[in-house]
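**Q** Here's a structure for you.
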Amino acid sequence: MASIGLTDMAITDFVVNQRHGVKGLVDVISPKTLPSCYIQLPEKRVTTEKLIMEAATTGKGALSTPVIPVIDVSDWKDPSVAEEICEAAATLGFFQIVNHGVSVDEQNELRAAGRGFFDLPTEEKERYWEGSSVSDTAWYMTSFLPYKEAKLEWRDYLKFEYLSDNVDFAAKWPTVCRDEVVNHSNKMKPIGRNILEILLNNLNARVEEQSLMGTLRMNVNYYPECPEPKLTVGTGHHCDINTLTLLLQDDILGSLYARYGDKWLHIPPVMGAIVVNIGDMLQILSNDRYKSVEHLVMASQFLSRISFAYYMGPGYNSVIEPLREVLGNGEKPLYKPTRYSDYMKYYFARPHTGSKTIESIKLP
């Protein structure tokens with residue numbers, strides 16, 4: 001970047017204030033080295049080397065490193081499906097599902113539509129810039145909290161909110177991807193409900209739509225090619241704050257990782273699969289029976305990456321606390337009641353630093 005004469009301040013201004021995003025930086029400036037405004041501090045950086053997990057062995061020589069399971073959900077009523085889902089939710093916080101009813105062709109159409117948005121000229125994309133979007137339910141942004149972060153993430157994203165009580169909620173969404181994004185929600189909602197029913201039944205509780213699925217949102221995340229991916233991060237390590245996340249990722253290896261103790265597990269792309277992870281709200285409701293775990297995304301040096309994270313969460317005014325069914329035998333609650341809107345406000349006021357939002361409401 002020095003040869004071009006742009007300072008970090010100028011780059012940040014170009015990416016954030018001029019609303020070009022990281023995609024614009026790569027398209028227009030084509031940096032051969034990573035600008036230092038994206039370089040993470042060594043003590044906080046999660047490098048590729050740290051993400052390589054060596055297979056630990058037991059005394060008998062068997063592999064003990066867990067693997068994120070891939071679960072066939074072609075028959076949701078199969079008891080073995082419920083057993084696998086509950087086991088993964090309780091131990092790893094992540095699993096993948098296949099044969100869920102969303103075809104590979106539909107997934108590819110969604111990926112193409114998402115890329116179509118990020119390929120638009122800046123002046124068309126910036127119409128949706130957060131804070132001045134032409135839509136009340138669609139926003140475009142870069143990084144996570146670019147106006148507060150010491151170092152930016154290597155990510156642009158377009159986020160949507162689905163409002164089932166408003167028939168026109170998608171009227172002003174970008175036409176290049178609107179139909180595909182609406183259709184994707186229609187596909188994801190029943191899948192998420194099936195998973196939540198399994199997890200709640202395991203707790204002898206019922207799915208209450210408002211307290212589990214009262215808000216439906218989706219992020220379309222775009223990670224351009226990065227000149228030095230070992231020095232930065234696509235999305236910093238964090239836990240999801242909602243109830244359940246259904247993620248459609250692409251086929252780039254070495255991108256998505258979930259924490260397991262002091263190690264990181266790679267979540268490899270599987271043809272046609274949807275990645276499922278538990279959010280903070282479900283950990284609270286289950287009184288720690290289900291685990292919301294940290295995860296992150298690494299950038300790629302040679303390929304751009306796109307993913308679609310569908311978030312199911314409580315209604316904004318829902319008060320979340322451990323379920324009475326879980327506490328029925330005199331078990332003490334581990335978390336104090338919290339209004340979901342307050343929890344979201346706290347979460348979105350801080351950059352991705354690895355600190356867990358759920359700790360803020362944990363009882364002594």
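The values are calculated or read from the model by the stated rules, or taken from the named source; none is laboratory data. Just so it is clear, the model here is predicted, and its values are computed rather than measured. Here the Cβ positions follow ideal geometry from the backbone for every residue, glycine too, while neighbour counts run over all protein chains shown. All accessible areas refer to the heavy atoms of the entire protein, side chains included, with ligands and DNA or RNA removed. Shrake-Rupley method; radii C 1.70, N 1.55, O 1.52, S 1.80 Å.
**Q** Find, among the chymotrypsin sites (Phe, Trp or Tyr not before Pro) in segment 281-332, those assigned to loop by DSSP (not H, G, I, E, B) with at most 10 other beta-carbon atoms within 10 angstrom. Mind showing how you got there, number by number?
**A** On the way: sites: Y290, F302, F308, Y310, Y311, Y316; in loops: Y290, F302, Y316.
Here the chymotrypsin sites (Phe, Trp or Tyr not before Pro) that fit, given the DSSP loop and packing criteria, are F302.
**Q** I want to check the label-to-label distance for V134 and N108. Put each point 7 Å from Cα in the C-beta direction and report it in nm to one decimal.
**A** In this crude spin-label approximation the distance works out to 3.1 nm.
**Q** From zero up to wherever the largest Cα-Cα distance of segment 75-228 sits, split into 10 Å bins and tell me the percent of pairs in each.
**A** Here the calculated profile for segment 75-228 is 9, 31, 32, 23, 6, 0.
**Q** Still on this model: Excluding ligands and nucleic acids, what accessible area in Å² is computed for D240 using a 1.4 Å probe, to the nearest 10?
**A** Accessible area, nearest 10 Å²: 10 Å².
**Q** With r as the distance between the Cβ atoms of H266 and D179 and R0 = 30 Å, compute the FRET efficiency 1/(1 + (r/R0)^6) and round to 0.05.
**A** It comes out at approximately 0.35.
**Q** Also: When the solvent-accessible surface of protein heavy atoms is calculated with a 1.4 angstrom probe, in what order do V134, V73 fall, highest first?
**A** Listed by decreasing accessible area, they come as V134, V73.
**Q** Now, a different point. About the Cα centre of segment 236-299, how large is the charge dipole given +1 on each Lys and Arg Cβ and -1 on each Asp and Glu Cβ? Please answer in debye to the nearest 20.
**A** So the dipole magnitude of segment 236-299 works out to roughly 160 debye.
**Q** Oh, and also: Using the Kirkwood radius built from alpha carbon pairs, what does the Stokes-Einstein equation give as D for segment 239-355 at 4 °C and 1.567 mPa s, in µm² per second?
**A** 82 µm²/s
**Q** Largest first and in whole Å, give the semi-axes of the chain's equivalent ellipsoid, each being the square root of 5 times a Cα gyration tensor eigenvalue. Kindly include the intermediate steps, with their values, before the conclusion.
**A** Numbers: eigenvalues 212, 118, 86 Å².
That gives 33, 24, 21 Å for the three semi-axes.
**Q** Mind checking the dipole of segment 93-145: about its Cα centre, +1 per Lys or Arg Cβ, -1 per Asp or Glu Cβ, Debye to the nearest 20?
**A** Numbers: 4 positive and 9 negative charges, 33 e Å.
Taking the Cα centre of segment 93-145 as origin, the dipole is about 160 debye.
**Q** With a 1.4 Å probe and every protein chain kept in, tell me what percent of the accessible surface of the chain is carbon plus sulfur.
**A** On the chain, the fraction of accessible area on carbon and sulfur atoms equals 51 percent.
**Q** With charges set only on the Cβ (+1 for Lys and Arg, -1 for Asp and Glu), what does the dipole of the chain come to about its Cα centre, in debye to the nearest 20?
**A** Value, rounded to 20: 840 debye.
**Q** Only loop residues by DSSP count here, and only those with at most 13 other Cβ atoms within 10 Å; note down the chymotrypsin sites (Phe, Trp or Tyr not before Pro) in segment 111-216 that meet that.
**A** When the chymotrypsin sites (Phe, Trp or Tyr not before Pro) of segment 111-216 are filtered for loop state and at most 13 Cβ neighbours within 10 Å, Y147 remain.
**Q** Whole number in Å², please: accessible area per residue of the chain, 1.4 Å probe, ligands, DNA and RNA not counted.
**A** Computed with neighbouring chains in place, this is 46 Å² per residue.
**Q** For the pairs K148/K263; K148/K230; K263/K332; K125/K187; K172/K291; K23/K291, note any where the Cα-Cα span goes beyond 32 Å.
**A** Violating the 32 Å limit, Cα to Cα: K172/K291; K23/K291.
**Q** Follow-up. Just from its helices, what would the mean residue ellipticity at 222 nm be for the chain, if runs of 4 or more DSSP H residues each count -39500 (n - 2.57) and the sum is divided by every residue, rounded to the nearest 500 deg cm²/dmol? Mind showing how you got there, number by number?
**A** Values: 10 runs with 92 residues, N = 364.
It comes out at -7000 deg cm²/dmol, rounded to the nearest 500.
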